[in-house]
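A.B. asks: Let me begin by handing over the structure; questions about it come next.
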Amino acid sequence: MATIIQAKNLSKIYKTDVLETTALSDVSFEIKKGEFVAVMGPSGSGKSTLMHIIGALDTPTSGTYILDGEEVQKLIDDELSDIRNRKIGFIFQAFNLLPRTSALKNVMLPMIYAGIPKAERLERAKKYLEMVGLGDRMEHASNQLSGGQQQRVAIARALVMNPAILLADEPTGNIASAQAEEIMAIFQKINDEGHTIVMITHEAGIAEHAKRIIHIRDGKIIKDGNDHKQRKIRN
Amino acid sequence: MEYTEIITEAIGTLTVNKLRTGLATLGIVIGIGSVIALVSLGQAGQQAVESQIQSLGSNLLTVSPGSTSQGGIRSAAGGATTLTLADAEAISTSPQITTIEKVSPEYTSRTQVTTGRTNTNTQVIGVTPTYAEIRNITLASGNFISEQQVNSIAKVAVLGPTVVTNLFGEGANSPRFAGEAGPIGQTIRINGQTLTIIGITNSKGGTGFQNQDDIVWVPLSTAQKQLFGADHVTSIALEAKNPDVMVDAQNEVGYLLLARHKLSDPAQADFSIFSQQDILGAASQITGTFTALLSGIAAISLLVGGIGIMNIMLVTVTERTREIGLRKALGAKKKVIITQFLIESIILTFVGGVIGMVLGIGISFVASSFINLPFTLSSSSVLLAIGVSASIGILFGWYPAQKAANLQPIEALRYE
């Protein structure tokens with residue numbers, strides 16, 4: 001399997017006038033195509049920082065980060081935007097859909113920034129909304145949907161550019177547990193279709209859906225379990 | 001990403017968020033509308049004052065008979081009868097006088113004017129045709145006193161609108177009445193003489209000194225010979241060529257009259273020349289005050305309008321910092337985001353500007369007709385209002401947008 005993410009000696013140090021905080025220190029790991037990885041850790045462990053670096057939302061203080069063959073740590077702002085657009089599909093805890101805007105338009109947004117022609121945008125957005133089970137709610141404004149439905153719109157939006165990785169930050173943190181299971185079922189389905197998923201969570205029950213769990217604490221990887229038995233059996 | 005796509009996205013955002021768009025537009029409408037309305041009203045006031053001053057005649061000199069001293073007894077000012085028609089003719093023909101354009105000898109007296117049924121006490125002025133030119137008299141109907149009528153001592157009279165109302169009742173000045181000939185052709189009696197009405201003047205309004213509408217004008221010769229039996233004039237109005245030569249004109253006329261009256265000492269002068277220098281001074285002071293007031297009003301309303309626009313733009317754009325973070329996370333480049341927000345600001349200020357302009361013009365039109373001011377609209381004030389407000393709107397739409405676009409997307413996403 002091809003390597004999608006190659007992180008070598010990643011460190012992130014936040015500096016204020018008086019204080020230096022090390023959020024990540026010397027973290028190295030690799031993620032291969034088709035993996036479903038959960039990053040676990042208590043708050044303040046550095047997992048959010050790691051997620052921001054993996055998501056090209058932030059750059060490391062030192063170390064190298066190669067995403068799908070491109071060295072991310074050297075890139076400037078607009079190049080990072082481009083990388084995020086083409087290679088990363090974000091799923092946020094707070095959904096982050098455009099308010100009062102239809103599901104369809106929300107899903108089309110990344111394709112607008114990629115310069116994809118309108119007809120193709122519409123076709124692809126519809127395809128992915130149907131895939132997440134919202135074929136009958138495409139014209140609903142985001143605020144007219146339930147939490148679970150909003151997160152499914154976000155998943156469709158993340159998939160629509162066919163990114164190298166799907167990056168989910170506490171994807172079930174803001175939704176009811178029954179709906180959370182549905183979201184995880186969709187995650188497993190798209191993982192089975194070959195999409196690489198990196199999911200940040202602090203809930204062990206959610207992390208169990210992944211094939212591999214990276215435990216992080218005090219900015220360091222303390223356990224990297226590539227254990228298939230951990231995966232919950234779907235029924 | 002193409003510009004048409006960005007424009008579509010900007011319009012989409014504006015139409016989806018109707019309340020926000022409406023509030024921002026309202027802010028701009030009020031900002032621009034109030035500036036235009038205030039400045040336009042201020043200018044209307046200034047124009048009204050200027051035209052009232054203008055109607056007095058700004059380069060006017062008045063020669064009145066002064067006091068005479070005979071054997072140490074000084075008579076009341078204006079009581080002398082030393083000023084004659086010949087003096088007036090000398091002023092208009094003398095080669096020494098170079099600065100006077102028009103000369104209007106006048107004989108003024110207060111007396112009773114009657115028709116068959118009604119009567120009124122009013123001012124009767126004997127004049128020559130020059131009077132109308134100097135005093136800016138215009139006629140609502142009929143004609144003013146002609147040269148020929150002065151020469152032939154014609155028994156004709158021109159009435160001010162107040163006199164018409166007093167003698168013929170309310171409505172006698174109305175166009176309908178005038179269309180049916182009205183008072184013209186009818187007769188009035190003054191001191192036992194019957195005079196035919198040949199004209200009615202337009203209203204000039206009271207100007208503080210006297211009611212310019214409550215006057216009966218007759219030919220100078222008629223006033224002197226038929227009505228009052230006098231051969232002197234009570235004043236001579238002079239119009240200087242321009243306001244700058246008022247002092248020269250005063251001196252020229254003064255020396256000429258001293259010579260004609262065989263007086264060597266100016267202190268002995270049996271006449272006085274009242275220039276309207278005082279009025280001119282007051283006028284320039286008033287217009288100066290108005291200009292300052294107007295600039296103040298414009299500056300304050302621009303400031304208030306500008307701050308309003310600034311606030312609404314700052315708030316609406318800052319509120320969207322999270323949205324900007326999201327757009328960046330999904331792959332929008334800085335330039336694309338800033339362009340979109342700039343286009344939104346331009347659309348808002350343009351739409352708000354047009355509505356505000358219409359509203360401001362409408363308000364000043366209604367208000368000026370309510371408080372009886374001439375409606376004025378200067379394109380410079382409209383341009384100033386729209387120019388300043390639009391640049392403020394665009395600047396404060398752009399500024400927070402570019403600030404948010406320069407944030408790390410993750411910081412913008414966390415923004416509360």
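A.B. asks: Looking only at the range A:24-49, which residues have a backbone nitrogen under 20 Å from a spot 7 Å from the Cα of A:Glu208 in the C-beta direction?
C.D. replies: A:36-42
A.B. asks: Note down the magnitude of the dipole of the range B:60-275 about its Cα centre, charges +1 on Lys and Arg C-beta and -1 on Asp and Glu C-beta and zero elsewhere, to the nearest 20 debye. Could the numbers behind the result be given before it?
C.D. replies: On the way: 13 positive and 17 negative charges, 127 e Å.
About 620 debye.
A.B. asks: Can I ask one more? Relative contact order for chain A: what percent, with Cα pairs under 8 Å and sequence separation of 6 or more?
C.D. replies: Values: 472 pairs, mean separation 64.2, N = 235.
Contact order relative to length: 27 percent.
A.B. asks: Report the charge-dipole magnitude of the protein assembly as shown in Debye, nearest 20, computed about the Cα centre from +1 at each Lys and Arg Cβ and -1 at each Asp and Glu Cβ. Present the calculation step by step, with values, prior to reporting the outcome.
C.D. replies: Values: 54 positive and 56 negative charges, 423 e Å.
Here the size comes out at about 2020 debye.
A.B. asks: Tell me which lysines have Cα within less than 30 Å of B:Lys225's Cα, excluding those fewer than 8 residues away on the same chain?
C.D. replies: Answer for B:Lys225, where 30 Å is the Cα cut-off: B:Lys102, B:Lys155, B:Lys204, B:Lys262, listed by chain and number.
A.B. asks: Out of B:Thr138, B:Leu195, B:Ala269, whose Cα points farthest toward the positive end of the dipole of the range B:60-275 (charges: +1 Lys, Arg; -1 Asp, Glu; placed on Cβ)?
C.D. replies: Value computed over the given set: B:Leu195.
A.B. asks: Take the Cα of A:Gln93, step 7 Å along the line toward its Cβ, and report every residue of the range B:394-416 whose backbone nitrogen sits under 16 Å from that point.
C.D. replies: Correct set: B:410-416.
A.B. asks: If you take the charge dipole of the protein assembly as shown about its Cα centre, with +1 on Lys and Arg Cβ and -1 on Asp and Glu Cβ, which of B:Ala48, A:Ser25, A:Ile222 is farthest toward its positive end?
C.D. replies: It is A:Ile222.
A.B. asks: Still on this structure: Give me the one-decimal Kirkwood hydrodynamic radius in Å for the range B:60-275, with the sum taken over alpha-carbon pairs.
C.D. replies: Details: mean 1/r = 0.0550 Å⁻¹.
It is 18.2 Å.
A.B. asks: Contour minus end-to-end for A:Ala2 and A:Glu193, with contour as 0.36 nm per residue of separation and end-to-end as the Cα-Cα distance?
C.D. replies: Separation in residues times 0.36 nm, less the Cα-Cα distance, equals 67.2 nm.
A.B. asks: Let me ask something else about it. Given points 7 Å out from each Cα along the Cα-Cβ axis, report the A:Ala176 to A:Glu123 separation in nanometres with one decimal.
C.D. replies: About 3.8 nm separates the two model spin labels.
A.B. asks: Applying 1/(1 + (r/R0)^6) with R0 = 41 Å to the Cβ-Cβ distance of A:Asp77 and A:His140, what FRET efficiency is obtained, to the nearest 0.05?
C.D. replies: Numbers: r = 34 Å, r/R0 = 0.82.
Result of the calculation: an efficiency of 0.75.
A.B. asks: Given only helices, namely DSSP H runs of n ≥ 4 each adding -39500 (n - 2.57), what is the per-residue ellipticity at 222 nm of chain B, to the nearest 500 deg cm²/dmol?
C.D. replies: Details: 13 runs with 222 residues, N = 416.
Calculated at 222 nm, the ellipticity per residue is -18000 deg cm²/dmol.
A.B. asks: Turning to a different aspect of this structure: Take B:Ile394, B:Ile11 and order them by how many other Cβ atoms sit within 10 Å, fewest up front.
C.D. replies: Values: B:Ile394 20, B:Ile11 13.
Result, fewest neighbours first: B:Ile11, B:Ile394.
A.B. asks: Here's another thing I want to ask about it. Only four residue types carry charge here, +1 at the Cβ of Lys and Arg and -1 at the Cβ of Asp and Glu. Report the dipole size of chain A about the Cα centre in Debye, rounded to the nearest 20.
C.D. replies: Working: 30 positive and 29 negative charges, 97 e Å.
Computed charge dipole of chain A: roughly 460 debye.
A.B. asks: Oh, and also: Report, in degrees rounded to the nearest 10, the 0 to 90 angle that the Cα long axis of helix A:177-192 makes with the longest principal axis of chain A.
C.D. replies: Value to nearest ten degrees: 80.
A.B. asks: Please identify the GluC sites (Glu not before Pro) of the range A:107-168 that satisfy two criteria: DSSP loop assignment and at most 14 other Cβ atoms within 10 Å. Which are they? Provide the component values of the computation, followed by the final result.
C.D. replies: On the way: sites: A:Glu120, A:Glu123, A:Glu130, A:Glu139; in loops: A:Glu139.
Taking the range A:107-168 and a limit of 14 other Cβ atoms within 10 Å, the loop GluC sites (Glu not before Pro) found are A:Glu139.
A.B. asks: Still on this structure, I have one more. Put +1 on the Cβ of every Lys and Arg and -1 on every Asp and Glu Cβ in chain B; which of B:Ser369, B:Met310, B:Ala299 then has its Cα farthest towards the positive end of the dipole?
C.D. replies: Of B:Ser369, B:Met310, B:Ala299, it is B:Met310.
A.B. asks: Tell me the relative contact order for chain B as a rounded percent, counting alpha carbon contacts under 8 Å between residues six or more apart. List each step's numbers first, then the result.
C.D. replies: Values: 723 pairs, mean separation 121.1, N = 416.
Dividing the mean separation by the residue count of chain B yields 29 percent.
A.B. asks: Filter A:Lys189/B:Lys403; A:Lys8/B:Lys333; B:Lys18/B:Lys328 down to the pairs with a C-alpha to C-alpha distance above 32 Å, please.
C.D. replies: Numbers: A:Lys189/B:Lys403 40 Å; A:Lys8/B:Lys333 28 Å; B:Lys18/B:Lys328 24 Å.
From A:Lys189/B:Lys403; A:Lys8/B:Lys333; B:Lys18/B:Lys328, over 32 Å: A:Lys189/B:Lys403.
A.B. asks: Of the cross-linked pairs A:Lys105/A:Lys127; A:Lys15/B:Lys334; A:Lys12/A:Lys47; A:Lys32/A:Lys211; A:Lys33/A:Lys118, which ones have a Cα-Cα span greater than 18 Å in the structure shown? Please list the in-between numbers first.
C.D. replies: Numbers: A:Lys105/A:Lys127 13 Å; A:Lys15/B:Lys334 25 Å; A:Lys12/A:Lys47 11 Å; A:Lys32/A:Lys211 12 Å; A:Lys33/A:Lys118 30 Å.
Pairs exceeding 18 Å: A:Lys15/B:Lys334; A:Lys33/A:Lys118.
A.B. asks: Using a cut-off of 12 Å between alpha-carbon atoms, which aspartates and glutamates can reach A:Lys126, once sequence neighbours fewer than 8 places away in the same chain are excluded?
C.D. replies: The reachable aspartates and glutamates, counting only those whose Cα sits under 12 Å from A:Lys126, are A:Asp136, A:Glu139.
A.B. asks: Continuing with this model, one more query. Give me the aspartates and glutamates in straight-line cross-link reach of A:Lys223: C-alpha distance below 18 Å, same-chain residues under 8 apart excluded.
C.D. replies: List returned: A:Asp26, A:Glu30, A:Glu35, A:Glu203, A:Glu208.
A.B. asks: Would you mind finding the longest exposed-site-free stretch of chain B, with exposed trypsin sites (Lys or Arg not before Pro) meaning DSSP loop and at most 16 other Cβ atoms within 10 Å? Don't skip to the answer; put the middle values down first.
C.D. replies: Numbers: sites that count: B:Arg117, B:Lys241, B:Lys262.
Longest gap between qualifying sites, sites excluded: B:263-416.
A.B. asks: Once both axes come from the Cα atoms, what is the angle between helix B:3-16 and the longest principal axis of chain B, in degrees from 0 to 90, rounded to 10?
C.D. replies: The angle comes out at about 80 degrees.
A.B. asks: Given R₀ = 35 Å, FRET efficiency for B:His232-B:Ser369 by Cβ-Cβ distance, to 0.05? Write out the running numbers ahead of the final one.
C.D. replies: On the way: r = 47 Å, r/R0 = 1.36.
My answer for the efficiency is 0.15.
A.B. asks: For q values of 0.06, 0.10 Å⁻¹, compute log₁₀ I(q)/I(0) with the Debye formula on a Cα-only model of the protein assembly as shown, without solvent.
C.D. replies: -0.58, -0.95
A.B. asks: Still on this structure, I have one more. Where does chain A land at 222 nm, in deg cm²/dmol rounded to the nearest 500, when only DSSP H runs of n ≥ 4 count, each adding -39500 (n - 2.57), divided by all residues? Walk me through the numbers on the way to the answer.
C.D. replies: Details: 7 runs with 78 residues, N = 235.
It lands at -10000 deg cm²/dmol.
A.B. asks: Return the equivalent ellipsoid semi-axes of the range A:1-90 as a descending list in whole Å, where each equals the square root of 5 times an eigenvalue of the C-alpha gyration tensor. Show your work: numbers first, answer last.
C.D. replies: Working: eigenvalues 95, 52, 28 Å².
Over the Cα atoms of the range A:1-90, the semi-axes work out to 22, 16, 12 Å.
Here, each number is a calculation from the coordinates, and none is a lab measurement. This is a predicted model, so every value here is computed, not measured. Positions of Cβ are generated from backbone atoms using ideal geometry, with glycine treated the same way; all protein chains shown enter the neighbour counts.
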